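Since every read-out is calculated from the coordinates, none of them should be taken as a lab result. Note that this is a predicted model, so its numbers are computed, not measured. When we count neighbours, we look across all protein chains shown, and the Cβ atoms used for this are built from the backbone with ideal geometry, even at glycine.
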Amino acid sequence: MPARALPRVAACLTIVLTAVAATWVSGEEPKADPTAPARNKLVQQHLVERGIKDKRVLDAFRAVPRHLFLPVDKRGQAYDDESIQIGEGQTSTPPFDMAFMTEVLELKPTDKVYEVGTGSGYQASILSRLVKDVYSIEIHRPLGERAAQVIKELGYTNIHSKVGDGYEGWPEAAPFDAIIVTCAPTKVPPPLIEQLKEGGRLVIPIGGRFDQIVHLMVKRDGKLIDRQLRPTLFVPMTGRDQKEAAELRKAKP
């Protein structure tokens, strides 16, 4: 556990022990987390039974409260394996897709990860339980600011977030051990290749609006070794990628 997390753990233990003591004095039973059974069911039915094996990944999905990252009127859908609208034309990725992409990165506790597309902040919070630091960027300011607030309230102190175009990467924090892209560009943004460590892993959906494939890429000798994994459906990457794609279409005869 990172040393900087110890004060947070100590504070959490103090709160829990105080609550337990209070209920013991009053004779009341401690209150269980009412959403834990739904999370456990999600993990078993939609992750374990569909092939996700990494125990650390499974434990992260059992622990992180997805409902708190969603708009209030969408929280009833939080533990279904489905894409959920979160505003600004964006969605929260289905948990299986998130778990699949997270697992193939083979993350280590010492890793530094870059995430393109903070969205609700849920994926970044899953990653924060698996690695040392998460750098997450969101192009839509209302989403980025809302996610940052939820992340702060839940105490995930190793997540660094900002508003900007994920195409450009995060040069000040690079290089990264792993990169995860949660929107679909038409090609791999060159800055991401530059900012990925040698031997680092990149998982990214690439393609048109309804024709996308998840790719796993490993950087060897400065180049990416590409492996196609499975069809998928993410919202398109906007910003520079969309602009370049439009310019390319105009240039074609």
Filter the DSSP H helices in the chain by two things, a Kyte-Doolittle mean of at least 1.0 and an axial alpha-carbon span of 15 angstrom or more, and list the hits by number. 6-26
Top of 211, 73, 111 by mean-square fluctuation, Gaussian network on the chain, Cα under 10 Å: 73
Could you work out the relative contact order of region 145-197, using alpha carbon pairs under 8 angstrom and six or more residues apart, expressed as a whole percent? 37
Whole-number percent relative contact order across the chain, with pairs defined as alpha carbons under 8 Å at least 6 apart: 13
At 222 nm, what helix-only mean residue ellipticity would the chain give, in deg cm²/dmol to the nearest 500, using -39500 (n - 2.57) for each DSSP H run of four or more? -10000 deg cm²/dmol
Could you tell me which of the pairs 108/187; 112/252; 55/243 are separated by over 32 angstrom between their Cα atoms in the structure shown? 112/252; 55/243
Which one of 109, 34, 185 has the biggest mean-square fluctuation once the chain is modelled by GNM with Cα springs under 10 Å? 34
Name the residue from 144, 215, 114 whose Cα lies farthest towards the positive end of the charge dipole of the chain, charges +1 on Cβ of Lys and Arg and -1 on Cβ of Asp and Glu. 215
Springs between alpha-carbon pairs under 10 angstrom, Gaussian network model over the chain: which of 187, 55, 243 fluctuates most? 243
Per-residue Cβ neighbour rank within 10 angstrom, fewest leading, 181, 188, 48: 48, 188, 181
Within 10 Å, count the other beta carbons around each residue, average over each peptide in 156-164, 119-127, and list them highest first. 119-127, 156-164
Taking the number of other C-beta atoms within 10 Å as the exposure measure, put 118, 110, 93 in order starting with the fewest. 110, 93, 118
What is the extension gain from residue 49 to residue 242, computed as 0.36 nm multiplied by their sequence separation minus the C-alpha to C-alpha distance, in nm to one decimal? 65.8 nm
What GluC sites (Glu not before Pro) does region 139-191 have in DSSP loop regions with at most 15 other beta carbons within 10 Å? 172
In debye to the nearest 20, the charge dipole size for region 32-251, taken about the Cα centre with +1 at each Lys and Arg Cβ and -1 at each Asp and Glu Cβ, equals 240
Would you list 69, 210, 96 from fewest to most Cβ contacts within 10 Å? 210, 96, 69
Checked against the structure, the computed semi-axes √(5λ) of the Cα gyration tensor in Å among (1) 31, 21, 15; (2) 27, 19, 19; (3) 34, 20, 18 is the one labelled (3)
